[in-house]
Amino acid sequence: MTADFGAFDGPSVAPELAYHAPFDEEEELYRQTVRTFLDKEIEPTFHQLGTDSASRHAAWRAAGRAGILGAVIPEEYGGPGASPIANVILSYEIARSQCYGTVGSLYCTDLATGAFLDGASPELIREWAPRILAGEAIQSMAITEPDAGSDVLAMRSFAERDGDDYVLSGDKTYITNGDIADMLYVVAKTSKERRGRSLTMFLVTPEMAGVTRRKLATTGFPAGNTAELHFDRVRIPASHVLGGEGGAMRIMMGSLALDRLQIGFRALGQAELAFQQTVEYVKQRVVFGSPLFEFQNTKFALADMKSEIEVGRAYLHEMVRKVRSGVATASEGSVGKLWLCEMSNRVIDGCVQLFGAMGFMDETPISRIYTSNRVLRIYAGTSEIMKQSIARDL
């Protein structure tokens, strides 16, 4: 059965995708649907989009009505059964939007649907899948702790079996959508040993007794939703364990290549958007009687940026093909994430320089791109962690 991604009549294939897009026909239809939704529903009023739970849930339900959420949910549970590449496309289209600095990672956490499907029981999927598809359930991955980031085995959150429940205590921080999520995928130790099998993933809902949340302010996404979470002897039904006791590492590693791929596409999308805006600006800006574009320094700077963007896009498109074929390695994901995020930083910094003082004003789009881009070298593993990952395979 063909997945129905045609909720909106989207535009034709974007120019930068038309000649070597790695997306198949259904994925391209989905990309057009996402693009049209963002252009019609989010971009015109993103400055007025509130960050409170009610406002964010309204925006999430709008995405549900557009048919862009839960794309990977199988048909047997009411979903379209799309490829995981749909989540990559969603992140990419958000990143190449003016609203990214305000919306942040809002819809990108739909990537967590894959982890849920990987570990949840059929009963749990049937309970939550309709809400995910309708935009009624915002999801959030709660892994990072104050003293445990990339080194997940250093986490201190602990859950102990007590009859038909687990009792969870601990803290999480820097959690995207943590303050507004209806579904928290919390990873905690269920064994005091320092090994992968000591980690278990739980579906926690915020109304469970002992769950408290506090919103954190961030530099790149001032209107985003990042939070710290506290769990004080929270009782979680054993049926809410995802992937079985000790199965968290398998779920997390299973989504690693895809997560780093979508971060790479975010970096590419932001670089493309910044470059496009900069080319338009320097052709209009007059300096010493001539358009800024006519100066050799400007042309050379833009030529370097264009070259880096094209190389980055080619690598990501090849990674899409490898992920779809099941042959992508963790090391290749690290290479892509490292290079694309560093490249994106270089390009956007160069764009701000060509904008001059205007590029440093909060009211200009290029400024929002600049500040929101910085976190990409931290998300899903810092650049330094990526280098360690790559070096281990040498």
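What FRET efficiency comes out for the pair E384/E75, r = Cβ-Cβ distance, R0 = 41 Å, nearest 0.05? That pair, E384 with E75, gives E of 0.45. Under the convention that each Lys and Arg Cβ holds +1 and each Asp and Glu Cβ holds -1, the size of the dipole of the chain around its Cα centre is about 860 debye.
Students often forget the sequence filter, so: which aspartates and glutamates lie under 13 Å Cα-Cα from K40 once same-chain residues fewer than 8 apart are removed? Once the sequence-local aspartates and glutamates are set aside, what remains near K40 is D9.
Toward the positive end of the charge dipole of the chain, with +1 on the Cβ of Lys and Arg and -1 on the Cβ of Asp and Glu, the farthest Cα among F300, G243, I89 is that of F300. What Kirkwood hydrodynamic radius, in Å, does the chain give when the mean of 1/r is taken over all pairs of distinct Cα atoms and then inverted? Kirkwood radius, the chain: 21.7 Å. Between A134 and E160, the modelled label-to-label distance comes to 3.9 nm, taking each label 7 Å out from Cα in the direction of the beta carbon. Within a Cβ distance under 12 Å of L184, other residues only, what is the Lys/Arg minus Asp/Glu net charge? In short, -1.
What fraction of the DSSP beta bridges in the chain is antiparallel, stated in percent and rounded to the nearest 5? Antiparallel bridges: around 85 percent, rounded to the nearest 5. Seen against the Cα atoms of the chain and their longest principal axis, helix 330-355 is set at about 40 degrees.
Would you pull out the residues with amide H under 5 Å of L199's amide H, same chain only if 5 or more places away, H placed 1.01 Å from N? When sequence neighbours closer than 5 places are left aside, the close amide H contacts are T190, A248, M249. Extension gain for S150-E123 works out to 6.5 nm (0.36 nm per residue, less the C-alpha to C-alpha distance).
Place a +1 charge on the Cβ of each Lys and Arg in the range 249-394 and a -1 charge on the Cβ of each Asp and Glu, then give the dipole magnitude about the Cα centre in debye, rounded to the nearest 20. Intermediate results must be reported in sequence, preceding the final value.
Values: 18 positive and 15 negative charges, 85 e Å.
Computed about the Cα centre, the dipole is about 400 debye.
What a 1.4 Å probe finds exposed on the range 195-308 is 54% carbon and sulfur by accessible area, rounded to a whole percent.
When peptides 68-80, 144-156 are sorted by average Cβ neighbour count within 10 Å, with the highest value leading, the order is 68-80, 144-156. Since only T205, N177, H57 are under comparison, the one whose Cα sits farthest along the positive direction of the charge dipole of the chain, derived from C-beta charges on Lys, Arg, Asp and Glu, is N177. The long axis of helix 53-66 is offset from the longest Cα principal axis of the chain by roughly 80 degrees. Between V286 and R346, the distance separating the two model label sites (each 7 Å from Cα on the Cα→Cβ line) works out to 3.5 nm. Simple spin-label estimate for H47 and M358 gives 1.7 nm between the two label positions (7 Å along the Cα-to-Cβ direction from each Cα).
Note on the chain: helix-only mean residue ellipticity at 222 nm, from DSSP H runs of 4+ residues weighted -39500 (n - 2.57) and normalised by residue number, equals -14500 deg cm²/dmol.
Taking the Cα centre of the range 109-181 as origin and assigning +1 to Lys and Arg Cβ atoms and -1 to Asp and Glu Cβ atoms, the resulting dipole is close to 180 debye. By the rule of a C-alpha distance below 24 Å, with chain neighbours fewer than 8 residues away ignored, the lysines paired with K283 are K299, K306. For the chain, the solvent-accessible area works out to 43 Å² per residue, with a probe of 1.4 Å and every protein chain left in place.
Does anyone have the angle between helix 85-95 and the longest principal axis of the chain? Alpha-carbon axes, 0 to 90°, nearest 10? Helix 85-95 sits roughly 50 degrees off the main axis of the chain.
Evaluating kT/(6 pi eta Rh) at 20 °C and 1.002 mPa s, with the Kirkwood radius of the range 166-300 over Cα pairs in the Stokes-Einstein relation, gives 116 µm² s⁻¹.
For K189, the lysines whose Cα comes closer than 18 Å to its Cα, not counting residues fewer than 8 places off in the same chain, are K172. Which whole-number percent gives the relative contact order of the chain, counting Cα pairs below 8 Å spaced six or more residues apart? Answer for the chain is 15 percent.
The values are calculated or read from the model by the stated rules, or taken from the named source; none is laboratory data. On a predicted model such as this, the values are computed, not experimentally measured, just so you know. Here Cβ is always computed from backbone atoms with ideal geometry, including for glycine, and neighbour counts include all displayed protein chains. Remember, those area values only see protein heavy atoms, side chains included, never the ligands or the DNA or RNA. Shrake-Rupley method; radii C 1.70, N 1.55, O 1.52, S 1.80 Å.
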